[in-house]
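This report concerns only the one structure given below.
The values are calculated or read from the model by the stated rules, or taken from the named source; none is laboratory data. Because the structure is a prediction, the values reported are computed rather than measured. Using ideal geometry, Cβ is built from the backbone for each residue, glycine included, and neighbour counts are taken over all protein chains shown. SASA here: full protein model, heavy atoms, side chains in, ligands and nucleic acids out. Shrake-Rupley method; radii C 1.70, N 1.55, O 1.52, S 1.80 Å.
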Amino acid sequence: MKKGIALIMSAALIMGTLAGCGSTTNKTSSSDKQSTTKKYNVAMVTDTGGVSDQSFNQSSWEGLQQFSKKTGAKVSYLESKQESDYATNLDKLVDSNNKLIWGVGFAMADAVLSAAKENKDVNYAIIDNSYGDKTPSNVTGVTFKAQESSFIVGYIAGKTTKTNKVGFVGGITSPVIDQFQYGYEAGVLYAAKELGKTINVDVQYAESFSDASKGKAIAQKMFSSGDDIVFHAAGGTGVGVIEAAKEANKFAIGVDRDQAYLAPNNVLTSALKLVNVAVQKVSEDAMNGQKIGGKTYTYGLKDGAVGIPTTNKNLSPAVYDAAMKLEDKIKDGSIVVPYDKATYAKYSK
């Protein structure tokens, strides 16, 4: 799994910087294979973080680009500046004859469901949301066990902190971000028990996935109050957390992608959620005629879709090795990681 993540992340980073903002932006990418491949269009709508959020929107677009390069399919995206853009953008992509339309982020759940009911001949997929037993036949949910990678980085934070105070900055309160928060807190607690001491976790939400300045302000306050490591699960807002770590010469923990490139000396590690892997796989399944609708795909450590990077220059090799042993315990079920307040309460007893 570790080698797989390293290869996938390296391929994703080679793609370079993505540009463009605005709810009406429409970018396309296709390979020379298009002329020999049956025309197949796939598109995505970002949430308000935008396609260059250095996080899950960007990773989703990279997944579509990888899909296009491999299959010759035509791929595109529309950016959403505000939540009211979701429905409009989904409608525009239907008009562009897309066979599969992705909604990126749980915030788009209602908009995707509504669009799917109105366009039953179009397949939809959504990142970070499941409709459970009520999933329409033309909708696919894609979720991740983000609590598992969050547990690992929480353990790393607990084993690394010098002040015994660490922080967590969330984007918008939701069951999805609960996975990150409580998985992280559980990992910190595991390390604290192993070390025989108490480690405090400060938690604050920015209520935004796109406000880097707010993320920076929250993290600055945490660092000034004694936290020496702050983990963010806040999309574009988290870029500000990493900036604050760089200015304070403290550590931040990235999310979704290996974010060490944003501050090479100040990112301790990252909780990977390889959205690009899921987007590429599900898109290929759909193009190949497999039935993807009416169900939810869930990816975790066992699938190689979450974890941490293999290269972490600021991380002690001994702590990294210990973290890898914990990954094995999660995979074999020896450790069941909490994912919300209730499960964390049981775990922490």
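Quickly run through the range 137-154 and pick out the residues that are touching a strand residue (DSSP E or B) at 6+ places or on another chain (Cβ under 8 Å) and more than 13 Å from ILE177 (Cα to Cα).
Applying the first criterion (touching a strand residue (DSSP E or B) at 6+ places or on another chain (Cβ under 8 Å)) to the range 137-154 yields 138-146, 148-150, 152-154.
Answer for the range 137-154, where residues must be touching a strand residue (DSSP E or B) at 6+ places or on another chain (Cβ under 8 Å) and more than 13 Å from ILE177 (Cα to Cα): ASN138, VAL139, THR140, GLY141, VAL142, ILE152, VAL153, GLY154.
Residues that are β-branched (Val, Ile, Thr) and either over 24 Å from PHE168 (Cα atoms) or open to solvent by 50 Å² or more (accessible area, probe 1.4 Å) (or both): which helices (runs of 4 or more DSSP H) entirely in the range 236-347 hold 3 or more of them?
Working: elements: 237-248, 275-287, 317-331, 341-347.
Fully inside the range 236-347 and qualifying: 275-287.
Looking at ALA109, is it within 21 Å of ALA278 (Cα to Cα) and open to solvent by 10 Å² or more (accessible area, probe 1.4 Å)? Show your work before the answer.
Numbers: within 21 Å of ALA278 (Cα to Cα): yes; open to solvent by 10 Å² or more (accessible area, probe 1.4 Å): yes.
It is true that ALA109 is within 21 Å of ALA278 (Cα to Cα) and open to solvent by 10 Å² or more (accessible area, probe 1.4 Å).
Pick from the range 112-142 the residues that are among the β-branched types (Val, Ile, Thr) and in contact (Cβ under 8 Å) with a residue 40 or more places away in the chain: which of them is most open to solvent (accessible area, probe 1.4 Å)?
Of the residues in the range 112-142, the ones among the β-branched types (Val, Ile, Thr) are 112, 122, 126-127, 135, 139-140, 142.
Of the ones still in play, those that are also in contact (Cβ under 8 Å) with a residue 40 or more places away in the chain are 127, 135, 139-140, 142.
On the way: ILE127: 0, THR135: 19, VAL139: 0, THR140: 1, VAL142: 0 Å².
So, considering only residues that are among the β-branched types (Val, Ile, Thr) and in contact (Cβ under 8 Å) with a residue 40 or more places away in the chain, the one most open to solvent (accessible area, probe 1.4 Å) is THR135.
Give GLY304, GLY226, GLY300, GLY240 a once-over and let me know the one that is under 17 Å from LYS145 (Cβ atoms) and in contact with a Lys or Arg (Cβ under 7 Å, 6 or more places away or on another chain).
Exactly one of GLY304, GLY226, GLY300, GLY240 is under 17 Å from LYS145 (Cβ atoms) and in contact with a Lys or Arg (Cβ under 7 Å, 6 or more places away or on another chain), namely GLY300.
Answer yes or no as to whether LYS145 is surrounded by fewer than 24 Cβ atoms within 10 Å (Cβ to Cβ), of a type outside the set (A, V, I, L, M) and under 14 Å from ALA271 (Cβ atoms).
Values: surrounded by fewer than 24 Cβ atoms within 10 Å (Cβ to Cβ): yes; of a type outside the set (A, V, I, L, M): yes; under 14 Å from ALA271 (Cβ atoms): yes.
Against the criterion (surrounded by fewer than 24 Cβ atoms within 10 Å (Cβ to Cβ), of a type outside the set (A, V, I, L, M) and under 14 Å from ALA271 (Cβ atoms)), LYS145 qualifies.
State whether the residues of the range 193-210 include one that is among the basic types (Lys, Arg) and under 14 Å from the mean Cα position of the chain (by Cα).
Residues of the range 193-210 that are among the basic types (Lys, Arg), as a first pass: 193, 197.
Next, from what is left, pick out any that are under 14 Å from the mean Cα position of the chain (by Cα): none.
No, the range 193-210 has no match at all.
Considering the range 60-87 alone, what residues qualify as being under 14 Å from MET287 (Cα atoms), in contact with a strand residue (DSSP E or B) (Cβ under 6 Å, 6 or more places away or on another chain) and either at pLDDT below 95 or not aliphatic (A, V, I, L, M) (or both)?
Those that are under 14 Å from MET287 (Cα atoms), in contact with a strand residue (DSSP E or B) (Cβ under 6 Å, 6 or more places away or on another chain) and either at pLDDT below 95 or not aliphatic (A, V, I, L, M) (or both): SER68, LYS74.
Go through (1) surrounded by fewer than 21 Cβ atoms within 10 Å (Cβ to Cβ); (2) not in a strand (DSSP E or B) for VAL203 and report which single condition fails.
Going through (1) surrounded by fewer than 21 Cβ atoms within 10 Å (Cβ to Cβ); (2) not in a strand (DSSP E or B) one by one, VAL203 breaks only (2).
When you scan the range 167-200, how many residues do you find that are more than 22 Å from LYS145 (Cβ to Cβ) and crowded, with 24+ Cβ neighbours inside 10 Å?
1
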